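For reference, the structure is listed below as C-alpha cells.
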Amino acid sequence: MFITGYAVMAGAAERLVLGYDSFGNVCGRKNTPVKGAPLSGQDMSNKKYVFFLNSCSLELQSLKISSVSLCVSSCPQEQLNSLEDLQSFARNNGSCLCIYNLNVSSYTLNPKAAELCPTLPVPPSKSFPLLNRCVPQNPECYSKYASVLISMVNEMDVFHRILSGILAGRDTVIGLSVLALAFSSILVLAFRFIRTLLVHTLIALVVFGLLLVSGVLWWLYYDYRNDPSTELETQKENVKFLLGYAIFSTVVTVVLLSLMLVLRKRLQFTVQLFRIVGKIIGRIPFLLFQPLWTFLILIAFWVFWVAVLLSLGTAGTAQATSGGQVEYRALSGICYMAWYHFVGLIWTSEFILACQQMTIAGAVVTCYFNRNKNSPPPHPVLSSISVLFCYHLGTAVKGSFLITILRIPRIVLLYLYNILKQKESACAKCLFKCCFCWVWCQESCLRYFNQHAYTTTAINGTNFCTSAKDAVCILAKNSAKLASISCFGDFILFLGKVFVVCFTVFGGLMAFNYHRELQAWVVPLLLVGFFAYLMSHSFLSVFEVTADAMFLCFAIDMETNDGSAEKPYFVDQELLTFVSQSNKLTEGQKHRSARPFQDNGDGTELQPMV
C-alpha cells in the first residue's frame, strides 16, 4: 500500500507517451502550476503535440534536449520563412509556435520575438505517432532530429523503454485481452457439450495455431534482423526477444505435436471423461459463471497494477530552473520498488486464481458427498464462497505464496542467463537452462499438489499444511491410477489454453508489428500472452479443478468406505465404471476390478463433511 500511494502521488505516467514542454506542462491535458514556473499549470487539452523551437539543430545533454519545447495543437505542414508566416499560421490554424506569454498580435511587433519564436525558417513537420513530436520533414533537419532522438531513446534505461512501450500499446493490449476473453468463453461452452468431432477440431486448430505463430515469429525475426534501419536500442531488443520467442515457440510446437501423436488413441476416453465432468457441472450450473467473476477481478487488479507501475516509472519531482523552465528529476530506488511490485503481480494473481480453485473444489465436494444425487444441495457455490472467506483465506494465501517463491528463482535465472549470453559462456548457459527447467518442473508439481490441498481443505476443513500432508498421502498411495485417469483430460485442457494464447499472440504480432518505431512492443506482447494464459486458465480451470476434485473425492471415498450397507460408497455408478475401464485400459487387465483402489489399513482417514 505504501508503494501504491507513493507511486500515485509522485508519478505522472502521461509524460511517457504524451510528452511535455519545457515549462512543466504535459501536452493533451490540464496541468497544475509548478512553483517558480509562471508558464506552468496551463490547460493543454487541445495541444497534443510537442514542438521544438530549434528542431534543425538539437543537442542532447544528460538525456535532455537543449531546445525549448512547446505544446501545440498542430504541426506546420509547410515551411514558414518569417514572423509574418508564424503569425498567419497561428491565426489560421489556432496553433501558436512561439512562447506562451507572447501574444499572436505581437509576433511582428515585439523586439524579442526572434528569441521567443522558433528559429527561421521553420521546416515542414508531421506529428510522430508514438511520442507526439513534430518531426521535421526536411531531409537535413530530419537527419539531425532523428539522430538526437535515437541517442536519447538508446540512453534511456530498459525500465523506462518498457514503460513507454506499454503506454503506447495500451489500447492494443486491452483489445487483445478482450479477444482472449472471447476465445476462453467459447472454449468453456464447447467443453461443456464436448463431442469427439470437437476434440479433433480443437487439436487441428491448435496445430495450425502453433505452426502459424512459430512461422510468423521466425519471419519477423528475419525481417527485423535484415532491416538496415534498425538503429534504436528498442528495435535491437525487439530482435533479441523475437529470436527467443521463435525458439521457445518452436520447441513447444515440437513437444506438443509429439504428445498429440502419442496420445491420439485416447481421444474417446477423454470425451467420456468430459461428459462425466459436464454432468457434475450440470448439477452446479453456476460454476460456469465463476470464471467470469474471477476474470473481472483479475482485470481490475491488472489495470490497477499497470497504473501503479507507470506511476512508479515516472515518479519524480518537478523543479523550476532559471528562466522559468521546469525539470523532472527522477527519484532513486524506483527500480527496486518496481521489482517488489512485480512480485506483487504474481502473488496477487495466483491468490485470486487459488480462491477460484477453492470455490470450485468446495462446490464439487459438497455435491459428491451428497447421498441423493438427484437432489443436489442448495446454493453450493455461494456456500463454498462463504466458507472460503470465513475460514480458508489463509490456505489460499499460503498456496499462492509458495508458487510465487518458486517463480522468483525463474526470473533470477532468466536475468543471469541474459547476462551470460553476452559473455558467451556455453557451459554456464547450459547449466542455467537445466536449473530453469528444474525450477519449472518444481512449480508445476507444486501447482498440482496445491490444487489437491485445496480440495482436501474443502473436504476436511483443515489448514493448508495439514491438508497438503493428507493430500500427499492420498496421492502417494494412488498416484499411478489418478495420473492415468486425469492426465489426458488435463492435456486436452492445456491444448485449449495453448489455443487461446496462440491466436491472441498472433493477433498481437500483427497489431504491434505496425508500430515498430521507438516501441519495445515485445514486452507488451509478453504481457498479452501472460494475460491470455491466465484468462484461459481461469475459465478452463472449472473443468480441470472439477475433474481433479472429483477423483480425489473418489480416492478418499474408496479408502473411508467399503461399499457395505453400513459404509456405502458416495460415488455414482457411471464414475465407478469409467474409472474401472480406465484402469483396465492402463494396466492391461482382462477383467474389470470391482474396486479400482485397494484398501489401505493404515490409510489416512479423511471424513467427508456432509
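Counting only residues 5 or more places away or on other chains, whose amide H sits under 5 Å from the amide H of residue 126 once H atoms are built in the peptide plane?
Result for residue 126 returns 135, 137.
When the C-alpha atoms of segment 63-146 are aligned to their principal axes, what extent does each axis show, in angstrom, from largest down?
Here the spans come out as 34, 27, 22 Å, largest first.
Ordering 200, 379, 392 by accessible area with a probe of 1.4 Å, largest first, what comes out? Don't jump to the answer; show the numbers that get you there.
On the way: 200 95, 379 130, 392 20 Å².
Heavy-atom accessible area, descending, gives 379, 200, 392.
How large is ³J(HN,Hα), in whole Hz, for each residue of segment 36-53 in order, when computed from phi with the Karplus curve 6.51 cos²θ - 1.76 cosθ + 1.60 and θ = phi - 60°, using x for Gly and Pro?
Here the 3J(HN,Hα) series is x, 10, x, 8, 8, x, 9, 7, 10, 4, 9, 10, 9, 10, 9, 10, 9, 5 Hz.
My understanding is that a pair violates if its Cα-Cα distance is over 29 Å; which of 48/112; 47/144; 35/144; 240/398 do that in this structure?
On the way: 48/112 26 Å; 47/144 25 Å; 35/144 34 Å; 240/398 36 Å.
Where the Cα-Cα span goes over 29 Å, the pairs concerned are 35/144; 240/398.
First measure r as the distance between the Cβ atoms of residue 526 and residue 564, then evaluate 1/(1 + (r/R0)^6) with R0 = 56 Å and state the FRET efficiency to the nearest 0.05. It would help to have the intermediate numbers written out before the result.
Details: r = 57 Å, r/R0 = 1.01.
FRET efficiency, residue 526 to residue 564: 0.50.
What does the charge count near residue 537 come to, summing +1 for each Lys or Arg and -1 for each Asp or Glu among other residues with Cβ under 15 Å from its Cβ?
So the surrounding residues net to -2.
Which order do the peptides 291-303, 533-545 come out in when sorted by mean C-beta neighbours inside 10 angstrom, highest first? Intermediate values should be presented prior to the final figure.
Values: 291-303: 17.2, 533-545: 24.0.
In descending order of packing, they fall as 533-545, 291-303.
Residues with beta-carbon under 15 Å from that of residue 290, excluding residue 290: net charge, scoring Lys, Arg +1 and Asp, Glu -1?
Value of the local net charge: +1.
The values are calculated or read from the model by the stated rules, or taken from the named source; none is laboratory data. Remember, predicted model here, so these are calculated numbers, not experimental data. Every residue, glycine among them, receives a Cβ derived from its backbone with ideal geometry; neighbour counts consider all protein chains shown. Note: accessible area is taken over every heavy atom of the protein model, side chains too, but ligands, DNA and RNA are not part of it. Shrake-Rupley method; radii C 1.70, N 1.55, O 1.52, S 1.80 Å.
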